[in-house]
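Structure first, commentary second.
Please treat every number below as a calculation from the coordinates, not as lab data. A quick note: this is a predicted structure, and the numbers were derived from the prediction, not measured.
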Amino acid sequence: PACGGGPLGGCGTSPFLELPPSYSQLYNMYIHRRCSVCGTCPKQPAVCLLCGAIVCTGGQCCRSGGDDEVVQHAASCGHGACAFVVVRTTTTLLVIGRQHCWWGSLYLDVHGEEDRNLSRGRPLLLALGRLRELQQVWRSNGLRELLYNNQPPFPRLPLMLMPARD
């Protein structure tokens, strides 16, 4: 994909889209967007960091040939490798071929802590150090090694919904 082809703008020397400084901006930008494959608002939307597309994560709606939509999107967008921000959890999902791993969040609170599943409600800001680290892994073609060393205990992506709030 062309650099800056997505709605988050250009990426300069980064392999990824320019991300907004606040997680609430990213969340509001993507939480109600529809999947381009099935046309629904995904229960677990993920934003492709290469092109800005929204894909369904872990659901059955866009599965084809046994592959999740993130695998299919990685094949068409990133020549088999892709990185996604899972909107409802803040985590980063890395995919190469049919392998995947969780990389943590690119957004942290003022104390430098993640807020996975957005349970604490603190403002989250883009962690430039983490973004640079991910960019370095990507540029050095270290994604395959990272995935090999951090294989998840499950073969398919689970549908991770936010816990119900009282």
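With viscosity set to 1.567 mPa s and temperature to 4 °C, compute the Stokes-Einstein D of the stretch 67-114, Rh being the Kirkwood radius across alpha carbon pairs; µm²/s, no decimals.
115 µm²/s
Determine the principal axes of the Cα atoms in the stretch 30-134, then give the extent along each, sorted from largest to smallest and rounded to whole angstroms.
In descending order, the Cα extents are 43, 27, 19 Å.
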